[in-house]
Amino acid sequence: MKYLRFPVMLATVLAVAAQFFAMTGAVAQEAPHVKFATSAGDFVVELYPDKAPKTVANFLQYVKDKHYDGTLFHRVIDNFMVQGGGYDVKYRQKPTRPPVVLEANNGLKNDQGTIAMARTSDPNSATSQFFINVTDNAKLNAPSPDGFGYTVFGKVISGSETIQKIKTTATGAGGPFTSDAPKTPILINSATLEKKS
């Protein structure tokens, strides 16, 4: 009988642990991956719902709604960031859902290769537009630059050469923008949630 006690005890411990994790929400969330297919090449971002749950849920809903398909990288500043997700090829601003609350105090930094939400001077104004930091932008970390910071919610995990290509494209006036718009439009053909194998 003593040989049967250990498996029974182990099963009991595992069952109690599973119940504890389920009750406390302590089970680690799987990091979603989103693939962007663009006219400059492809790249994949990994998202962190454990750090920015509202932001990630908001972003993934735009992905599922195909909002990003057919939008531009409309603002490109080398040694700073590349921004997209808001305008179609004719520089018409796409309709959005209500803004998402700021989650900048989540421990993630605006380091090179990270993806963050664009916003206005209102800290809780982020909707669909995002940017990818192409250098370490400590000045965007909470509480800088305006007492609030910018919410980082993931990072580029493959296709960094595409981001490098985008960031060095020639820019000028375009649509409603007097500067920083790519002279050769950089189109997001699709943004899709990758299936895990």
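For the range 69-82, a tally of residues being surrounded by fewer than 20 Cβ atoms within 10 Å (Cβ to Cβ) and under 16 Å from ALA173 (Cβ atoms) returns 1.
Against the criterion of being in a strand (DSSP E or B), touching a Ser or Thr at 6+ places or on another chain (Cβ under 7 Å) and either under 19 Å from ASP78 (Cα atoms) or touching a residue at least 12 places away in the same chain (Cβ under 8 Å) (or both), ALA181 qualifies.
A quick yes/no check of all residues on (1) of a type outside the set (D, E, K, R); (2) over 16 Å from the mean Cα position of the chain (by Cα):
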| site | (1), (2) |
| --- | --- |
| TYR91 | yes, yes |
| SER160 | yes, no |
| LYS165 | no, yes |
| ALA170 | yes, yes |
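Is it true that LYS155 is at pLDDT below 95 and closer than 25 Å to TYR62 by Cα? Considered against the rule, which asks whether it is at pLDDT below 95 and closer than 25 Å to TYR62 by Cα, LYS155 comes out as no.
If only one of VAL63, VAL89, VAL134 is of a type in the set (A, V, I, L, M) and touching a Lys or Arg at 6+ places or on another chain (Cβ under 9 Å), which one is it? Working first, answer last.
On the way: VAL63 fails: touching a Lys or Arg at 6+ places or on another chain (Cβ under 9 Å); VAL89 fails: touching a Lys or Arg at 6+ places or on another chain (Cβ under 9 Å).
The unique qualifying residue is VAL134.
Take the range 184-197 and flag every residue that is touching a residue at least 24 places away in the same chain (Cβ under 8 Å) and small (Gly, Ala, Ser). Give the steps one after another, and end with the answer.
Initially, the range 184-197 is screened for residues touching a residue at least 24 places away in the same chain (Cβ under 8 Å), giving 185-194, 196.
SER190, ALA191, listed by residue number.
Of the strands (runs of 3 or more DSSP E) that lie entirely inside the range 70-121, those containing 2 or more residues that are touching a Pro at 6+ places or on another chain (Cβ under 7 Å), in the same structural domain as ASN189 (by TED's automatic domain parsing) and in contact (Cβ under 8 Å) with a residue 24 or more places away in the chain span 71-77.
Just so you know, in the range 24-63 the residues that are at pLDDT below 95 and of a type in the set (A, V, I, L, M, F, W, C) include one that is surrounded by the fewest Cβ atoms within 10 Å (Cβ to Cβ), and it is ALA28. Of all residues in the range 139-149, one or more are in a helix (DSSP H, G or I), at negative phi and not hydrophobic (A, V, I, L, M, F, W, C).
If you scan the range 34-69, which residues turn out to be part of a strand (DSSP E or B) and touching a strand residue (DSSP E or B) at 6+ places or on another chain (Cβ under 9 Å)? Answer for the range 34-69, where residues must be part of a strand (DSSP E or B) and touching a strand residue (DSSP E or B) at 6+ places or on another chain (Cβ under 9 Å): VAL34, LYS35, PHE36, ALA37, THR38, ASP42, PHE43, VAL44, VAL45, GLU46, LEU47.
The values are calculated or read from the model by the stated rules, or taken from the named source; none is laboratory data. It should be emphasised that the depicted structure is a prediction, and the values quoted were computed from it without experimental measurement. Quick reminder, even Gly has a Cβ in these numbers, built from the backbone with ideal geometry, and neighbours come from all protein chains shown.
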